[in-house]
1. Within the set of pairs 6+ apart or on separate chains, which have a first residue in the range C:1-16 that is part of a helix (DSSP H, G or I), a second that is open to solvent by 80 Å² or more (accessible area, probe 1.4 Å), and C-beta atoms under 8 Å apart?
2. Which one is least open to solvent (accessible area, probe 1.4 Å) among residues in the range D:20-46 that are within 12 Å of chain A (Cβ to nearest Cβ) and polar (S, T, N, Q)?
3. Going through the range B:386-416 one residue at a time, which ones are assigned to a helix (DSSP H, G or I) and surrounded by fewer than 21 Cβ atoms within 10 Å (Cβ to Cβ)?
4. Consider B:Ile100 against the criteria (1) assigned to a helix (DSSP H, G or I); (2) at the interface with another protein chain (Cβ under 9 Å from one of its Cβ atoms); (3) open to solvent by 10 Å² or more (accessible area, probe 1.4 Å): it satisfies all of them except one. Which criterion is unmet?
5. Can you tell me which condition A:Leu36 does not meet? The list is (1) more than 8 Å from every other protein chain (Cβ to nearest Cβ); (2) without any contact (Cβ under 8 Å) to a residue 40 or more places away in the chain, and all the others hold.
6. Working only within the range A:12-35, note down all residues that are open to solvent by 30 Å² or more (accessible area, probe 1.4 Å) and in a helix (DSSP H, G or I).
7. Looking at C:Leu7, C:Leu37, can you tell me which residue is under 9 Å from the mean Cα position of the chain (by Cα) and open to solvent by 70 Å² or more (accessible area, probe 1.4 Å)?
8. Within the range B:110-128, identify whether any single residue is surrounded by fewer than 24 Cβ atoms within 10 Å (Cβ to Cβ), assigned to a helix (DSSP H, G or I) and facing chain A (nearest Cβ under 9 Å), and answer yes or no.
Amino acid sequence: MKNTQGMVNAFFAFLLVVILGIFFFNAINQPLGNGLVLNKDNPDLSKRVSIHYILKNVHNAEDYLAQHKSSYFRNRDKVKSSNLEFGKTKNAESGSANEVTSIVVNYRGFDTLGEVTVLFISILGLGMLLHENKKKYWAKPSLIVRTGANFLFPFIVLFGVYVFVHGHLTPGGGFPGGTIIASAALLLILGLKDFKNKLTMTKIIESLAGLTFAGLGLVGLFTNGSFLTNFLPSGTMGLLVSSGITALIYIAVGIKVAAELSSGIMEMNGGGEE
Amino acid sequence: MKSNYAVLLIAIPLLVAFLQPLFSLINKRLTKWVTFLTIGFNFIYSLKLLNYVMANGAQIAIIGNWKPPFGINLYLSPFSMLFATIIYFVALIVLLVYLIDKPTEVDDRMSIATLLMVMASGAITLTGDIFNMFVFVEILSISTVILISFNNKGISFKGAFRYIVLASLGSSMLLLAIGFIYGSLGTLNLASIAYRFNLLNPVYASVIVFLFMAGIMVEAELFPFNAWVPEAYKGSKSYLNALLSGVVGTTGIYVLFRMFITIFGSGQNHIQVIGSVNFNAVIIVIGVLTTLIGEFSALSQKDIKKILAFSSMAQMGIIAVTIGVANMNSINAGIFHLINHAFSKSLLFIVAFPIINIVGSANIDKWEGLGRKNIFLAIAFAIGSFGLIGIPFFNGFWSKMMIVESVVSAGGWMYLVIGTILLSALVETFYFFRIIFKLFVDKKIESTYSVHIFIYLAILILSIIVIYIGIKPSFLATYIHKAAIDLVDKSHYISTVLGVIK
Amino acid sequence: MIVLIYLSAIVMIISALYAVYAKDLLVSVVALGINSLIVSVLFFLMHAPDVAITEAAIGAGLSTAIFVFAIKHTERKE
Amino acid sequence: MIQSTFFYTTAIILFLIGLYGVLTKRNVIKTIITLTIMETAVNLFLVTIGYVKNGTAPIFTSTISDVHKFVDPLPQALVLTSIVIGLGTTALMLSLAIRLYKKYKTLNYLEMDGEDEK
């Protein structure tokens with residue numbers, strides 16, 4: 001009886017999935033001509049707003065939009081742009097060499113603030129749900145794991161710090177950097193049998209890092225009249241000390257993510273104490 | 001420049017939320033009052049902004065000094081500010097009642113989750129960027145899940161799990177819709193999407209709208225994404241129930257209004273047919289189904305929490321119908337009914353809260369004789385339910401009248417819809433009067449529970465609002481009228497944000 | 001290169017199916033981790049190194065670890 | 001290099017596999033796994049939107065500065081956000097799963113419902 005019901009369920013689910021699949025594939029394979037469709041194969045980036053992020057001429061584009069009104073939408077690529085050269089160009093908007101970073105932290109920094117909040121609230125919920133979780137012991141770590149954990153821990157942390165400090169220059173940034181540090185904490189949990197959770201410490205670090213992010217935003221609001229404005233000089237593109245608050249925010253994000261995820265892993269492991 | 005400060009409505013609660021763990025290290029009791037004060041600040045500030053935009057028209061607040069459509073912006077208009085204000089007001093009252101009544105129960109984690117939930121709801125109403133909306137929807141659903149599971153019962157974990165599964169299913173769909181939008185229109189800004197939406201291939205547009213609708217229906221408690229409603233309401237604390245219907249549900253419906261009428265709709269004709277699908281009909285069918293399922297499920301329940309949960313589901317269905325009918329009258333009526341529902345339902349939940357404490361049970365059979373024990377609560381309950389049913393001279397009467405009127409003027413097969421609305425009112429009358437008659441049965445209740453004066457005050461404020469809107473519906477008329485105009489006027493939205501005129 | 005992409009797409013779909021159908025949850029989680037890892041390789045080949053690093057660290061690494069922790073606290077069978 | 005239609009197809013097949021799993025599986029952790037598959041699929045879809053044939057990664061280095069070959073960085077930024085959000089949701093769902101298991105001693109929904117009725 002139960003099996004029949006399962007079969008019927010599976011059948012209807014399969015039917016729904018097939019219908020949705022036809023729906024999606026039909027949408028994706030719509031022929032060109034009848035209105036806009038997904039920009040496939042060689043997407044014309046000059047039809048998208050990101051052309052200005054790439055060329056770093058958003059302020060010019062704002063002026064162009066204000067002057068030419070709706071004709072802007074047809075002539076995005078006519079917006080003036082300056083020549084960008086690694087290690088030479090100064091004050092190229094945010095000044096970060098990694099375009100993804102400049103979008104994540106600068107052009108759309110507000111999303112990142114929300115994203116950090118999502119992580120914050122979910123780790124908070126995890127702590128609430130699991131605070132009386134009993135510690136589960138894993139198989140006794142072998143000598144190699146123990147030694148390896150002790151030996152590798154500082155290097156992994158250092159690598160994580162490197163990743164988020166260089167977030168505005170190289171691939172990486174606050175989120176992967178923080179996660180790498182959290183994986184060092186994971187290594188300690190697996191490698192050290194008598195690992196003690198340090199939740200109060202992570203809480204304080206997390207709070208201060210979050211405060212830095214939101215506080216930098218508010219400083220921008222009160223000095224330059226807009227939340228999360230880059231109020232520091234953005235420097236030469238490609239240098240370590242450049243891109244103003246972008247680098248600072250990414251460092252804060254890295255520290256915050258590291259603290260949050262480490263505490264999340266500790267609480268997942270159990271034995272969390274306040 | 002001044003309007004840029006509106007971002008404080010989001011930034012201050014976030015800053016406070018990040019600081020709360022530090023406060024809780026200093027003093028555990030500090031956090032809840034900080035939360036309360038922050039929401040109070042939000043309410044006062046949003047009231048101020050509401051008056052400002054009512055007088056001066058819609059404004060935008062830009063973030064990061066990047067003007068739209070390049071950066072993220074907040075859109076402050078009569079419609080968005082009105083709902084932000086109502087959300088903050090409801091949250092403030094509910095939180096006050098809860099803090100007074102159960103001071104020991106509120107811990108630091110709960111106050112952070114409440115703060116972020118209210119912040120996210122406000123931010124969803126204000127934001128002018130679709131991906132930003134997605135991020136805040138995520139914050140809203142995660143903090144709601146935490147609050148539901150706070151009760152530490154099996155059923156609350158089940159409700160929370162069901163909610164989060166549906167919510168992440170919905171958010172995947174929402175993200176897919178955002179992907180489709182960005183891939184074709186090359187923008188994430190709502191005004192820019194609105195400006196270019198009718199250039200889309202029709203099949204393609206219908207896929208986007210379908211995915212978006214599926215994504216937001218979890219919050220709006222609409223069928224078939226409302227499977228979480230009964231367990232989540234039953235499993236969570238009473239006060240959270242008020243927030244679930246007054247804040248989360250209101251936000252979900254707000255997004256449907258804004259997206260379907262301003263952004264995806266085509267100016268004065270509103271949505272009508274997008275692509276190959278008549279989404280008006282789809283929304284009406286969904287609304288009617290939700291209403292019928294909600295009302296008939298409420299009829300068979302004994303538990304007051306479940307009754308109110310199903311009733312709020314049904315009201316959301318009725319409001320969804322007004323989105324589908326989509327003429328000026330129905331939009332007016334829908335906004336009015338959403339406001340009325342937020343007030344009446346919060347009143348009912350807040351009244352149910354001390355009643356449950358007095359009687360010691362959420363089962364309505366045990367409520368007999370409450371009127372003799374505490375006449376004030378019984379009358380307040382009656383006022384709330386009259387407002388919800390739409391008894392003449394209570395707030396729901398006017399909005400339901402307006403809904404029926406607007407549906408009649410739409411004509412055609414809409415007569416079926418009128419039948420549904422009237423039937424739902426009938427069913428509501430039946431189950432609410434069943435409770436009210438029970439309240440005034442002559443029977444003695446033994447109880448030592450005494451209701452705090454502040455709870456009376458909160459109930460009094462909400463009752464007065466319910467009655468005052470009933471007697472003088474013109475009190476809100478200017479606000480609602482401006483909100484409806486703002487909602488319908490697509491070209492105004494576009495020209496305010498982008499500076500181009502469609 | 002093209003062969004590599006086709007191959008990884010096939011492995012990805014097989015691992016996803018395996019993650020859905022495996023009776024042992026731990027096997028299912030490992031399949032999920034493989035899926036994430038291959039997706040991160042695809043991201044790298046699609047010139048998205050930032051996303052690739054993040055997906056490898058979060059999707060294949062940390063996410064798998066917390067799944068294993070959760071299974072340790074519950075049960076392994078479906 | 002390869003056509004982007006191929007990636008779109010892969011992403012949608014992956015999405016549908018995940019959706020099928022969510023609809024049919026009755027195990028709490030299995031549901032979470034299938035939801036994660038769906039999230040991965042959506043991320044692949046989003047990155048594909050920015051994919052340019054013969055492009056380069058959108059990062060200025062001392063050797064690469066031909067901006068016209070860059071792939072679209074915006075979808076990548078969105079995916080970065082969505083991956084982190086996915087991790088947060090997954091962690092919360094898993095902790096709920098642990099609590100559900102502690103309450104009901106099972107991971108199956110149907111058995112949980114049976115438990116409640118008793």
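The values are calculated or read from the model by the stated rules, or taken from the named source; none is laboratory data. What you see is a predicted model, and the numbers here were worked out from it, not measured in a lab. In this analysis, Cβ positions are derived from the backbone assuming ideal geometry, glycine residues included, and neighbour counts consider all displayed protein chains. For the accessible areas, the whole protein counts, side chains as well, though only heavy atoms, and no ligand, DNA or RNA atoms are used. Shrake-Rupley method; radii C 1.70, N 1.55, O 1.52, S 1.80 Å.
1. C:Ile2/D:Met1
2. D:Thr34
3. Just the residues of the range B:386-416 that are assigned to a helix (DSSP H, G or I), to begin with: B:386-389, B:395-410, B:414-416.
Hits for the range B:386-416 are B:Phe397, B:Met401, B:Val404, B:Glu405, B:Val408, B:Ser409, B:Ala410, B:Met414, B:Tyr415, B:Leu416.
4. Checking B:Ile100 against (1) assigned to a helix (DSSP H, G or I); (2) at the interface with another protein chain (Cβ under 9 Å from one of its Cβ atoms); (3) open to solvent by 10 Å² or more (accessible area, probe 1.4 Å), the one that fails is (2).
5. All conditions pass for A:Leu36, except number (1).
6. Those that are open to solvent by 30 Å² or more (accessible area, probe 1.4 Å) and in a helix (DSSP H, G or I): A:Phe12, A:Phe14, A:Leu15, A:Leu16, A:Val18, A:Ile19, A:Ile22, A:Phe23, A:Phe25, A:Asn26.
7. On the way: C:Leu7 fails: under 9 Å from the mean Cα position of the chain (by Cα).
Among C:Leu7, C:Leu37, only C:Leu37 is under 9 Å from the mean Cα position of the chain (by Cα) and open to solvent by 70 Å² or more (accessible area, probe 1.4 Å).
8. Looking only at the range B:110-128, we keep the residues that are surrounded by fewer than 24 Cβ atoms within 10 Å (Cβ to Cβ), and these are B:110.
Checking which are assigned to a helix (DSSP H, G or I) leaves us with B:110.
From the residues that got through so far, the ones that are facing chain A (nearest Cβ under 9 Å) too are B:110.
Yes, the range B:110-128 has at least one match.
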